[in-house]
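What follows is calculated from the coordinates using simple rules that are stated; it is not laboratory data. Owing to the predicted nature of the structure, the values given are computational and were not obtained by experimental measurement. A quick note on method: Cβ atoms are made from the backbone with ideal geometry, for glycine too, and the neighbour counts reach across all protein chains shown.
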Amino acid sequence: MTLFMLLKAISWLVLPPAVFILILFGTVLLIKEGKKFVAAMLVLFVGFSMYFLSIEPVKDRILMPLEYKYPFPDMKNLNCDTVVTLGGGMYLNSPDENGKPSLKPSVIKRVITAYKIWKIHKKPIILTGGRPFNNKNFISEAEVMADFLKNLGVPKRYLITESNSLNTFQNAELTKKILKKHNWKNVCLITSACHMPRAVSVFKHFKIKVIPVPTDYRTNRISYTWEFYFPQASSFEDSIAGIHEYLGILFYRIRYGIKSN
């Protein structure tokens with residue numbers, strides 16, 4: 001197992017729902033050993049945690065510090081040499097793509113934002129994202145994003161693919177080489193709003209001047225009514241995405257000394 005896959009496995013295990021499943025398995029052992037009170041407390045902990053992570057107000061409180069970090073800019077006044085769009089996942093063998101991969105909704109929002117900027121400024125677009133499981137038999141996410149933009153009408157000459165990165169750190173590291181080759185200094189950086197703080201800090205670590213262009217917002221900016229306190233699977237997923245970002249920021253700080261800006 002590569003280091004990348006090992007780190008992925010660890011992240012899956014420490015985040016819900018996997019960590020909740022492990023706790024519940026542990027309660028079975030505790031009950032078997034007669035420690036029913038401790039087991040009951042753990043079950044309650046899992047239940048309450050799942051509830052709070054699944055409601056809109058808590059989900060928004062988790063994501064808002066990340067999404068509010070960088071405001072959405074005036075797209076007409078952007079001043080950058082190139083537009084860097086980060087990948088974030090795709091579905092393999094999609095029937096609507098004749099068996100080819102299709103981008104996840106969050107990535108589609110990133111690519112469409114890149115398209116909007118291109119329509120205004122006609123700047124080259126760097127698409128960065130590797131192959132699933134680092135398997136050379138798969139098409140890279142960068143190539144899938146490029147195909148998406150070609151279908152929207154962006155000429156191939158405006159598209160540059162970086163197909164070897166497997167995480168945000170490598171996105172920045174390998175993009176830096178492309179920028180150096182073309183002598184580009186300033187980049188418009190596109191990624192999901194909750195991922196933007198980590199992405200900006202990593203790109204700045206590589207001395208890349210970035211103009212953040214966040215997209216894929218997931219928080220509500222309205223007052224809450226009683227309906228928002230019912231648990232929703234979508235809120236649970238978004239809460240986990242936020243927690244994943246906080247852990248990612250912490251990991252990059254420990255592993256690479258990258259501090260959040």
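Details
- The residue list THR215, CYS188, ASN167 was ranked by how far each Cα lies along the charge dipole of the range 75-215 toward its positive end, using unit charges on Cβ atoms, and CYS188 comes out on top.
- Cα-based reach from LYS185 at 17 Å (exclusive), listing aspartates and glutamates while leaving out same-chain residues under 8 positions away: ASP81, GLU173
- In a fully extended conformation the segment linking LEU92 and ILE23 would gain 21.7 nm over its present Cα-Cα distance, using 0.36 nm per residue.
- Amide H contacts of ILE211 (H built 1.01 Å from N, under 5 Å, at least 5 apart or other chain): VAL187, CYS188, LEU189
- Rg/Rh (Cα only; Kirkwood hydrodynamic radius) as it applies to the range 75-215: 0.94
- The gain in end-to-end length when the PHE251 to VAL43 segment is fully stretched comes to 72.0 nm, 0.36 nm per residue minus the alpha carbon separation.
- Measuring between alpha carbons in the structure, the pairs from LYS156/LYS204; LYS100/LYS136; LYS100/LYS181; LYS177/LYS209 lying more than 25 angstrom apart are LYS156/LYS204; LYS100/LYS181.
- Size of electric dipole in the range 1-113: Cβ of Lys, Arg +1 and of Asp, Glu -1, about Cα centre, debye, nearest 20: 320
- Candidates LYS150, LYS207, LYS76, ranked by Gaussian network fluctuation over the chain, Cα under 10 Å, top entry: LYS76
- The protection proxy used here, the mean number of other Cβ atoms lying within 10 Å of each residue, ranks peptides 211-220, 79-88, 31-40 as follows, highest first: 79-88, 211-220, 31-40.
- Among SER201, SER223, SER49, the residue with the largest mean-square fluctuation in a Gaussian network model of the chain, with springs joining Cα atoms closer than 10 Å, is SER223.
- Given +1 at the Cβ of Lys and Arg, -1 at the Cβ of Asp and Glu and no other charges, the dipole of the chain around its Cα centre is 1120 debye to the nearest 20.
- Put a plus charge on the Cβ of each Lys and Arg, a minus charge on the Cβ of each Asp and Glu, and nothing anywhere else: the dipole of the range 75-215 about its Cα centre is then about 600 debye.
- Ranking ILE139, GLY87, GLY257 by Cα position along the charge dipole of the chain, where only Lys, Arg, Asp and Glu carry charges on their C-beta atoms, puts GLY257 farthest toward the positive end.
- Spatial extent of the range 21-63: Rg and Dmax, with the Cα atoms as the point set, Å: 13.2, 40
- For ILE125, the residues 5 or more places off, or on other chains, whose built amide H falls under 5 Å of its own are VAL83, LEU159, ILE160.
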